[in-house]
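Below: one structure, written as structure tokens.
The values are calculated or read from the model by the stated rules, or taken from the named source; none is laboratory data. Owing to the predicted nature of the structure, the values given are computational and were not obtained by experimental measurement. With ideal geometry, Cβ positions are generated from the backbone for all residues, glycine too; neighbour counts draw on all protein chains shown. Areas reflect the complete protein model, heavy atoms only, side chains present, ligands, DNA and RNA absent. Shrake-Rupley method; radii C 1.70, N 1.55, O 1.52, S 1.80 Å.
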Amino acid sequence: LTAGKPVEALITNYRQAIDAIVLAAWRLQGLSDSTLCLIATGGYGRGELYPHSDIDILIFGDEQAQSACSTAIARFFSLLWDSGLKMSQAVRSLEQCLSASREDVSTYTALLETRLLAGNEPSYRHLASVMNSPDVYDARGYFDAKRNEQQQRHARFNNTADNLEPNLKEGPGGLRDFHTLNWLARKLYGVESLAGLAPLGLLGDAEWEALQRNWRIVARLRFGLHLLVKRPEERLLFD
């Protein structure tokens with residue numbers, strides 16, 4: 001089913017299958033009638049899912065709505081765990097999202113890349129607007145935090161992309177570097193992705209095409225590696 005297909009199609013098809021499972025569980029617990037929002041965050045929010053990626057889910061709403069639906073929320077998460085999905089889940093209000101974001105730049109980054117799966121769209125839009133404002137991180141503060149994060153990550157791999165057994169996700173030149181460029185483009189220039197930098201004259205067409213081409217190579221390797229070893233393995237080992 002995967003042979004010869006573009007990696008974009010593989011990733012999209014898998015994400016759509018996961019969406020269907022998550023939404024079915026949401027409806028089964030009657031949460032469609034609540035005021036809560038079901039939001040995909042991080043890689044799931046970006047729509048870039050690999051066969052053994054974590055599924056990052058946020059249930060967003062005020063604390064009163066959280067309390068009223070606490071039993072249904074617990075059953076919703078249990079259904080997803082029982083289905084075999086590996087999740088990273090959170091239930092937060094706007095104030096809780098802000099507090100968690102101020103404590104951890106990775107949490108803030110996950111909330112920059114979101115998709116509304118179900119629930120109140122105006123509430124979701126308000127959350128997205130607040131997360132994109134400079135109230136939590138201004139452009140300089142965010143740039144410095146992500147640069148420091150990248151430098152520490154690269155140091156774990158001896159600051160080289162030429163490792164004999166490279167980490168396709170975290171290593172220098174891996175997918176996380178591509179994601180970092182996207183996050184900085186979104187935060188610093190207000191564009192949806194790196195592609196939005198080309199019209200601003202900040203990225204040449206040839207540079208964007210080269211980035212896309214090489215992303216496809218590494219993404220396809222990662223997708224195939226997950227299928228092959230049946231776990232979230234990111235290292236291209238000799239065996």
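A compact table of results
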{"quantity": "Unique match (being over 28 Å from Gln29 (Cα atoms), at pLDDT 95 or above and of a type in the set (A, V, I, L, M, F, W, C)) among Phe143, Phe76", "calculated": "Phe143"}
{"quantity": "Check on Asp144, charged (D, E, K, R), without any contact (Cβ under 8 Å) to a residue 40 or more places away in the chain, in a loop (DSSP other than H, G, I, E, B) and open to solvent by 40 Å² or more (accessible area, probe 1.4 Å)", "calculated": "no"}
{"quantity": "Within segment 1-109, helices (runs of 4 or more DSSP H) holding 2 or more residues that are of a type in the set (Val, Ile, Thr)", "calculated": "7-28, 70-82"}
{"quantity": "Some residue of segment 220-237 being among the acidic types (Asp, Glu) and crowded, with 18+ Cβ neighbours inside 10 Å", "calculated": "yes"}
{"quantity": "Condition check for Gly174: farther than 26 Å from Ala3 by Cβ and open to solvent by less than 80 Å² (accessible area, probe 1.4 Å)", "calculated": "no"}
{"quantity": "Some residue of segment 107-121 being within 30 Å of Ala17 (Cβ to Cβ) and open to solvent by 60 Å² or more (accessible area, probe 1.4 Å)", "calculated": "yes"}
{"quantity": "Scan of segment 122-141 for residues that are free of Cβ contacts under 8 Å to residues at least 24 places away in the same chain and open to solvent by 70 Å² or more (accessible area, probe 1.4 Å), ordered by number", "calculated": "Pro122, Arg125, Ser129, Pro134, Asp138, Arg140"}
{"quantity": "Total residues in segment 182-223, condition in contact with a helix residue (DSSP H, G or I) (Cβ under 6 Å, 6 or more places away or on another chain) and polar (S, T, N, Q)", "calculated": "2"}
{"quantity": "Hits in segment 25-56 (condition: over 19 Å from Glu234 (Cα atoms), of a type in the set (Gly, Ala, Ser) and surrounded by 13 or more Cβ atoms within 10 Å (Cβ to Cβ))", "calculated": "Ala25, Ser32, Ser34, Ala40, Gly45"}
{"quantity": "Evaluation of Glu192 against (1) modelled with pLDDT of 95 or more; (2) under 18 Å from Thr41 (Cα atoms) (one fails), failing number", "calculated": "(1)"}
{"quantity": "Any chance Asp177 is more than 19 Å from Asp54 (Cβ to Cβ), modelled with pLDDT of 95 or more and in contact with a His (Cβ under 9 Å, 6 or more places away or on another chain)", "calculated": "yes"}
{"quantity": "Residue satisfying condition, being open to solvent by 60 Å² or more (accessible area, probe 1.4 Å) and free of Cβ contacts under 8 Å to residues at least 60 places away in the same chain, within set Ala206, Ala198", "calculated": "Ala206"}
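For (1) among the aromatic types (Phe, Trp, Tyr); (2) in contact (Cβ under 8 Å) with a residue 60 or more places away in the chain, each residue gets a yes or a no:
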| site | (1), (2) |
| --- | --- |
| Ala3 | no, no |
| Pro6 | no, yes |
| Tyr14 | yes, no |
| Ala25 | no, no |
| Asp33 | no, no |
| Leu36 | no, yes |
| Ile39 | no, yes |
| Tyr44 | yes, yes |
